[in-house]
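Each remark here refers to the structure printed beneath this line.
The values are calculated or read from the model by the stated rules, or taken from the named source; none is laboratory data. Note that the structure is a prediction, hence the values are computed from the model and not measured. Remember, those area values only see protein heavy atoms, side chains included, never the ligands or the DNA or RNA. Shrake-Rupley method; radii C 1.70, N 1.55, O 1.52, S 1.80 Å.
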Amino acid sequence: MRLKLIVALVSDEKTGVVIDAARAGGATGATTVTSVRGEGLKPEKTFLGLGLAAKRDVVLFLVVETRARDILERIRDAGKFDTEHGAGIAFQIDIEDAVGLVTQLPTIREELEYEI
């Protein structure tokens, strides 16, 4: 089974919406790392010259390759990544191997059989 890791860097108020969209597309789970900081092309500064980095969440989805692009697009649309400045980004990475998916495998296999 071929897998992809989808990484979504999203403003913390959109984390729930992004997770819901990914699940609707077939993601069987998510891991969220909260309160990371990030900045865009031009770092924002306060009036005192201090750095002002937006709080973000990193959401990780390990998904079946055949569903990855659809899930990625659902995340983009739900998070409004292409329409709102600073809403977030998402990307996918090939996964060579993974362990610890025993509880998710029956659901993944069932979904894959349904697609065939």
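Overview of results
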| item | result |
| --- | --- |
| Euclidean distance between Cα centres, the stretch 14-30 to the stretch 66-113, Å | 8 Å |
| Probe 1.4 Å, all protein chains present, accessible-area order of Val10, Val99, Val17, largest first | Val99, Val17, Val10 |
